[in-house]
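Take a look at the structure set out below.
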Amino acid sequence: MASKRDYYEILGVEKTVSNGDIKRTYRKLAMKYHPDRNPGDKSAEENFKEAAEAYGVLKDPQKRQIYDQYGHQGLEGSGFSGFGSTEDIFSSFGDIFGDLFGFSTGGRRSGPRVVKGADLRYDLTLSFMDGVFGTETEIDLEKTEVCAVCGGNRCEPGTKPESCSHCNGSGQVTRSQGFFAVRTTCPYCRGQGRSIPHPCGKCRGTGNVMVSKRVSVKIPGGVDTGARLRLTGEGEAGVNGGPPGDLYVFIHVKPHDFFQREDTDVICQIELSFIQAALGDELTVPTLEGEKKLTIPSGTQYGDRFSFRGEGIPSLRYKSRRGDQIIEAIIRTPTSINKKQEKLLKEFAQLEDNKLSNKLLNLLKGGARRRAS
């Protein structure tokens, strides 16, 4: 058996060539040796296959690495043995030839094209608590499903499709363009390769029908706005027996009047009088699951934070973990006081020798003395 030529030599490129240059070089060779452009030329067909095999290896980073290290024997050991026929080449690189000629040249395929159904999107709004703990709900959809009368074959029961007489069931027709022949999609059957003489009355020969469907959705605890759930197979029906698409549920969580979310922590604010902040107190604070006692230490300042460990939001990644509840102190100064309160506050002010304004004034006076001396 004759030894195989070096793949880089076949394409006429250096070993350091980029993937983009490999593709551009192969496109030129494929154009030059394409069988439709060289009818009956066995040498051109062999060059075409040889270039395709070289491209099939060098465009793949893993295969290229094996070839660079171990050569053809390394590829054979990994299971790659080249292309058996020109048909294999068209099947593998149909996108290349579509780019080359501006139309589909992968016309060796016969029969209708199987297509997966389209995906659907549904926007679901949840309450804050449903986002925290999860829920199960139902949503209503309008979507296509395979026709129950014809089973998707588009024919009236008791009849069946017939082979397209214009393309003989291949889905494509051959036409001449310049000095070579090309295959294009059959305009009569639109590439299906068959005609429907007696269309199904239910789906009008489409194979699919529009239905209203109620779908159950299980929402895990811990979801937040922006989360996306995927329901496999709940999208639009496929074409020609293709699988259905998927349904993507996008989550939107309403804000809460008291709680705010910060990752898996939940933040809330409590108002304290300046007396409570100064002397300390014990309060009952709402949590996600009820109420809990919180001790406020004396001397609490505005913005001080306290926490309840493990009283936050469940983690989506680690189901057994929860964040914390953070309680932020907001100190309110009274806007109206009675005579007795005013008297007591003035007495307190006279006893206080650590006023911030006095401390600032003393600092300024001290600086002025130093400058004067």
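Observations on the structure shown:
- Cβ-defined net charge surrounding C155, 15 Å radius [Lys, Arg +1; Asp, Glu -1]: +3
- Among 147-155, 273-281, 310-318, sorting by the average number of other beta carbon atoms lying within 10 angstrom of each residue, highest first, gives 147-155, 310-318, 273-281.
- 14 Å reach of a label modelled at Q260, 7 Å along Cα-to-Cβ, counting backbone N of the stretch 293-319: 303-305
- Summarising the strand pairing of the stretch 260-332, around 65 percent of its internal DSSP beta bridges are antiparallel.
- Cα gyration tensor category, rounded, prolate or oblate, for the stretch 132-198 with a/c compared to 1.5: oblate
- Gain upon complete extension [V149, M210; 0.36 nm per residue less C-alpha separation]: 20.6 nm
- Pairs from K32/K116; K4/K63; K254/K319 whose Cα-Cα separation, in the structure shown, is over 28 Å: K32/K116
- Taking a straight Cα-Cα cut-off under 13 Å and skipping sequence neighbours fewer than 8 places away in the same chain, the aspartates and glutamates within cross-link reach of K213 are E138, D140, E142, E145, E234, E236.
- Label-to-label distance, nm, for residues given as R332 and E9 (7 Å Cα→Cβ offset): 9.0 nm
- Over all other residues within a Cβ to Cβ distance under 14 Å of G310, the charged ones net out to +1, with Lys and Arg as +1 and Asp and Glu as -1.
- For a straight C-alpha distance cut-off of 20 angstrom, the aspartates and glutamates reachable from K340 (same-chain residues fewer than eight places away being disregarded) are E352.
- Segments 290-301, 337-348, 248-259, 196-207 sorted - mean Cβ within 10 Å per residue, highest first: 196-207, 248-259, 290-301, 337-348
Laboratory data are not the source of any read-out in this text; all were calculated from the coordinates shown. What you are looking at is a predicted structure, and each value in this text was computed from that prediction instead of being measured. Backbone-built Cβ (ideal geometry, glycine too); neighbour counts: all protein chains shown.
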